[in-house]
Amino acid sequence: MYDKIKSYILLSPSILMGIIFSIPALVIIFSLFLPYSENWTHLNDTVLNEYISNSWKLLVGVSIGVFIIGVSTAWLTSTCNFFGKNFFIWALVLPFAIPPYIMAYSFTGLFDSYGTANELMRLIFNIDNGEPFFPSVRNISGAILIFSFTLYPYVFLISRTAFLNQSRDIFDISRTLGLSKSKTFLKVALPLARPAIIAGIMLVAMETLSDFGAVEHFAVPTFTSGIFRTWFGMNDIITAKQLAAFLFLLFLIFIIIEKYSRRKLQYNTISTSNRKLVPVQLYGVKQIGAFIICFIPVLIGFFIPFIQLLYWAVAYKLSYFDSSFYDSAFNTIYLSLIAVFICIVTSLIINFLIRVNKNNFLSMINKVISSGYGIPGIVLALGVLEFFSFLDSSFNILLTGTILGLVFAYSVKFYALPNSNIQSGFNKISSSLDDMSHTLGHTKFSLLTKIHLPLLRTSFLTAILVFLIEVIKELPATLILRPFNFNTLSVSAYLYASDERMIEAAAPSIAIVMVSLIPIVLLLKIISRDNNE
Amino acid sequence: MFIFRFSFLLMFLFGSFAHADEVVNIYTSRHYESDKILYKKFENKTGIKVNYISGKGKALFERIKSEGKNSPADIFITVDAANLWKVESEGFFQRIKSRKISKILERRFIGPDYKWIGIAKRYRIIVFNENVKEHELKDINYEDLASDKWKNRIVIRSSSNIYNQSLIASMISHNGSSYMKKWLPGFIENFARKPQGNDRAQVMAVANGEGDIAIVNSYYLGIMLSGNSGESQLNAAKKVKVVFPNQNNRGVHVNISGAGILKYSKNYDNAVKFIEFLLEPEVQKYIVNNTFEYPIVEGVDPHPLIKELGINIIEDTIKVKKLGKLNKSAVKLMDISGWR
C-alpha cells in the first residue's frame, strides 16, 4: 500500500516535468492562432517559394545521399570481409564529430576561388591567373554534399545494427531459393532493414532542416534561415514564430514516420532466430571496390575537413588554445552535464514507474517529452525565450540570460537520447529480477537503487556521452540563449566564420571536432561490446 | 551519490547569480579578441567589472526586446548608424548625460537627444585592380558607377547588408529618391556577378579578376593587409589599390560603430563611465590599431596601414542619424530595382 502511495508521489513531478518540457513547443504552436501580419503577403510574393523549394531540394538530395552512402557502407561492413574492414567499422562514424556548419566552413576554405584546394592546383600546374579549378561550393549542390557526408553516420549505424541482427537463416533460405547475392541484398535484406533505414533518414532530415549555420554560409535560403531573416531582418517575431510552427509541424510528421517505422522493426526481429551472419570474404576487384566505397566517405566526411582545419589552426591560431579556450570547453561540458543529469533523473523515474505500474499515461508523457528532439534549435530558443520572459515579468525575477535557459533548452531538445538509452537498458533487465526482489520482501525503492541502478550503469554512460556530443555541436539555441561572458566552442566558430574570418574560426572548429572525438570513441567501444554480445 | 550530484548542480545554478560589486553589462556586436583586453583596461582603471555578450547585432537587440524591463543589459554596442537609429526609434536607448562627450565629439556623430554616440568611423571606399586605368578613377563619384563604361566590372555584396543600405540612404539624402530610382538599375546592370560573400570576398574577387572594382569598408583592407587573416587575404589586398570617391564634392561616405545606454539599465553611472572611457585618446588609439577603423576624436592617428591608404580625406558630413531615417526607403528602392 505504501508502495502505491510512494509511486503516486513520484507521478506528479513527472507529469509536471512533462508539462514544463512541452511549454516551448506549445508557445510556438500557439502563435499559429495569432493574427497573420502583412509580412506574410510580402513573404509569399518574394521568398516563401524559394524557402520551400530550397528546403525540399535539400531534403530530397540529402536523403538520397545518406541512403546511398550509409546503406552501402553498412552492408559492406556487416556482411563482407575485406582489407581495412575493421578500420572502417569505427572510421565511418568519425564524421559525427564534425557538425554541418563546421564542415561548411572548411569546405569553403578549401574550394572558394582563393581556397586551399585551388591554390594547391595552381601550385602544381603552375598557373598564374585566378581561374578556380574546382566548382564553387556555395550553392545548393554544395550544401547537399556537405550534409550527406556529415550526417550519413546516423544511417550507417542504424542500418549496420539492423543488418547484423538479420538472421543467417533468411540469407540461407534466399540463396537456397536461387537468389544471387545482389538480389538477396535488394529483395530481402534491404526491405527487411527498411524501417531502420527510414528511421535513420528521418533523423538526418530533421538535422538538415534545422541547420542554420551551414545554409547561411552557403547563401542557400531555407526555411530555417527564413525564420532568422524574418525575426531579425523584418523585426517580426510573430511571423517568425508562425514560420517556426509550420516547420515544427513538419518535424512532427517526420517523428511519426520514424516511430511507425521502428514499431515495424521490433515486430520483425521478434519473429526471427538469432543465428549470426558469417561475413563473406571478398577478393580482387570486389575487395578494392569495397575499400574505395568505404574510404571515400571517411576521406570527404572527416579527413579532408579535419586536415584543413588543423592546418589553419596550427599555422595561424595556436594562441587560441589559451585560458579562454579552456573556459569555452569547460562551459560546454559542465552545461551538458547539468542538463543530462536532469534528463537522466527524469527519465529514470518515469521509466521506472512505467515498469512497475505499467502506466500508459506515463508512457504517453514520456513520448511527448521525447519529441523535443524534433524541435529545431531556433524554434526551441524562441519558445524558451518567450516562456522565460513571461515568467520574468509575472514573478519579477530574471531567468532569461542565465544558464537556466540553456540547460532547459538542451534538456528539452535532447531528452530523447538519454531516455532511449535508459529505456533499452530497462528492457534488457529481466522482469524476473523484479519478481524475485518482490518475493524477497524488498521495497520498490530498494529495487530501483540496489538492483536497477547498477545494471543501468552502461546506459547512463552512453546517455552522458551521446548527450555531450550533441550539446558540443549545438548552435542556434546556444547563440540566442547564452548568458554573459559565456562563449561555447560552437558560438565562437560561428561568429568568426560568419564574418569570413576562417583562420580564426578554425581553432574553435578543430576544438569541437577533437572534443567530440573522445566521447565518440568511447561510445563506439560500448556499441561494439553490445554488438558482440 | 545523488546528493553529491544534486549539490553540484545547485552550486552551479546559483553560482551564476552571484554578482561582483560594481558591474557594467555590455551587449556588443563586435567580436574581437582585442576587446577583451579593452574591458580589462577599464576594470583596472575603475574597478568596475565588465560582463559582455557578443553576437549578431540584430539578434542581441531582439533579445533585449524579449528581456523587457528585466534585461540586465546596460550598454549596446553595434555597427552602422542605421542599426543605432533602429534601437533608438523603438525607444530602447536613454539619454547619455555626460559633459565630456559634447566637448570631444562632433555633433554629427551624436544621436538625437544624446541617445547614442559613435565610437569609431569607417569609410566605404572603392578598391580596384590593374585593369582599371588611373584616369578612369580621377574624381570618381559613387554616382558615376551607373555609367556604361563600368559594365560587368563592379562587384559588391548583397543589398541585405546594412552598410550598402546606409550608402544608398546617404545617396538618397543628397540626390533625392527619383534620381536614385533611375540610378540603381544602371548600377545593378554593371555587376560582374550576383552579390555574394561579404566585403572581404569582394576584395578577393577584384584581386583575382572576377571584377575590376568593388565597394568595401575601409577597415577590411587594414585587416587583410595586416596578415592576421592568412596569406591569401594578404596577397589579395596587396594586389588592389584604393580610391576615395566624391573628393571633389561632398566627400566619401562615412559610417560609425557606436554605443548607447539602454532604457532599463541598472548601472547607469557605470555605463556612462564606460562610454566616456571609449572616447579617451589612449583607448581610441587602441581600438583603431586593432580594428583598423578611423578614430572618432581629433588628435588620434589611424593605424599606419590605414594611413597609407590616404590622408586628409574629405568626408561626407551628413548627420549619421539620417542614414537610419532613410534606411527603409533605401531597402525598398534596392528591392524594387532588383539588387539581391
Residue A:439 vs. criteria surrounded by fewer than 20 Cβ atoms within 10 Å (Cβ to Cβ) and more than 11 Å from chain B (Cβ to nearest Cβ): yes
Exactly one of these conditions fails for residue A:291: (1) more than 30 Å from residue A:449 (Cα to Cα); (2) buried (at least 22 other Cβ atoms within 10 Å of the Cβ); (3) touching a Gly at 6+ places or on another chain (Cβ under 7 Å). Give me its number. (2)
In this structure, does residue A:176 turn out to be surrounded by fewer than 21 Cβ atoms within 10 Å (Cβ to Cβ), modelled with pLDDT of 80 or more and either of a type in the set (Lys, Arg) or over 30 Å from residue A:53 (Cβ atoms) (or both)? yes
So which of B:82, B:73 ends up being within 14 Å of another protein chain (Cβ to nearest Cβ) and part of a loop (DSSP other than H, G, I, E, B)? B:73
Does residue A:458 satisfy the criteria of being within 18 Å of the chain's Cα centre (by Cα) and either touching a residue at least 12 places away in the same chain (Cβ under 8 Å) or more than 14 Å from chain B (Cβ to nearest Cβ) (or both)? no
Filter the range B:290-305 for residues that are surrounded by fewer than 23 Cβ atoms within 10 Å (Cβ to Cβ), assigned to a loop (DSSP other than H, G, I, E, B) and β-branched (Val, Ile, Thr) and give the result. B:297, B:300
Name the one entry in A:187, A:181 that is within 28 Å of residue A:279 (Cα to Cα) and either surrounded by 16 or more Cβ atoms within 10 Å (Cβ to Cβ) or modelled with pLDDT under 75 (or both). A:181
Given the condition closer than 18 Å to residue A:340 by Cβ and either in contact (Cβ under 8 Å) with a residue 60 or more places away in the chain or within 20 Å of the chain's Cα centre (by Cα) (or both), answer yes or no: does some residue in the range A:426-444 qualify? yes
When you scan the range B:207-232, how many residues do you find that are more than 10 Å from chain A (Cβ to nearest Cβ), within 19 Å of residue B:309 (Cβ to Cβ) and either in contact (Cβ under 8 Å) with a residue 60 or more places away in the chain or more than 18 Å from the chain's Cα centre (by Cα) (or both)? 12
Would a scan of the range B:46-67 turn up a residue that is at pLDDT below 85, exposed (fewer than 13 other Cβ atoms within 10 Å of the Cβ) and closer than 20 Å to residue B:264 by Cα? no
Of everything in the range B:39-60, what is facing chain A (nearest Cβ under 8 Å) and touching a residue at least 24 places away in the same chain (Cβ under 8 Å)? Give them in sequence order. B:51, B:52, B:53, B:54, B:55, B:56, B:58
Total residues in the range A:357-411, condition touching a Ser or Thr at 6+ places or on another chain (Cβ under 9 Å), part of a loop (DSSP other than H, G, I, E, B) and at the interface with chain B (Cβ under 8 Å from one of its Cβ atoms): 4
Any hit, the range B:191-201, residues being outside any loop (DSSP other than H, G, I, E, B), buried (at least 18 other Cβ atoms within 10 Å of the Cβ), in contact with a Leu (Cβ under 8 Å, 6 or more places away or on another chain) and of a type outside the set (S, T, N, Q): no
Check whether at least one residue in the range B:80-92 is exposed (fewer than 15 other Cβ atoms within 10 Å of the Cβ), out of contact with any Cys (no Cβ under 8 Å at 6 or more places or on another chain) and not hydroxyl-bearing (Ser, Thr, Tyr), and report yes or no. yes
Hits in the range A:138-150 (condition: out of contact with any Pro (no Cβ under 7 Å at 6 or more places or on another chain) and part of a helix (DSSP H, G or I)): A:140, A:141, A:142, A:143, A:144, A:145, A:148
Residues that are under 25 Å from residue B:31 (Cα atoms) and touching a residue at least 40 places away in the same chain (Cβ under 8 Å), drawn from the range B:303-330: B:303, B:305, B:306, B:309, B:320, B:321, B:323, B:324, B:327
Tally the residues that are more than 19 Å from residue A:342 (Cβ to Cβ) and surrounded by fewer than 23 Cβ atoms within 10 Å (Cβ to Cβ), restricting the search to the range A:386-418. 10
Selection within the range B:93-130 - farther than 29 Å from residue B:202 by Cα and acidic (Asp, Glu): B:106, B:113
Among the helices (runs of 4 or more DSSP H) lying completely within the range B:208-278, list those that include at least 3 residues that are farther than 21 Å from residue B:164 by Cβ and out of contact with any strand residue (DSSP E or B) (no Cβ under 7 Å at 6 or more places or on another chain). B:231-239, B:268-278
Name the residues in the range A:483-494 that are within 19 Å of residue A:112 (Cα to Cα) and at the interface with chain B (Cβ under 8 Å from one of its Cβ atoms), would you? none
Provide a single number: the residues in the range A:500-513 that are more than 7 Å from chain B (Cβ to nearest Cβ) and either within 16 Å of residue B:204 (Cα to Cα) or hydrophobic (A, V, I, L, M, F, W, C) (or both). 8
When every residue in the range B:85-112 that is polar (S, T, N, Q) and not in a helix (DSSP H, G or I) is compared, the one farthest from the other protein chains (Cβ to nearest Cβ) is B:98
When residues of the range A:198-256 are filtered for being in contact (Cβ under 8 Å) with a residue 24 or more places away in the chain and on the phi > 0 side of the Ramachandran plot, how many remain? 1
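Any chance the range A:91-113 includes a residue that's out of contact with any Asp or Glu (no Cβ under 8 Å at 6 or more places or on another chain) and without any contact (Cβ under 8 Å) to a residue 24 or more places away in the chain? Write out each step before concluding.
Narrowing the range A:91-113 to residues out of contact with any Asp or Glu (no Cβ under 8 Å at 6 or more places or on another chain): A:91-99, A:102-112.
Within this subset, residues satisfying the condition of being without any contact (Cβ under 8 Å) to a residue 24 or more places away in the chain are none.
No, that holds for no residue.
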What is the residue count in the range A:89-109 for residues that are in a helix (DSSP H, G or I), at pLDDT 90 or above and crowded, with 24+ Cβ neighbours inside 10 Å? 1
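The values are calculated or read from the model by the stated rules, or taken from the named source; none is laboratory data. Everything numeric here is computed off the predicted structure, so don't read it as measured data. Cβ: placed from backbone, ideal geometry, glycine included. Neighbour counts: every protein chain shown.
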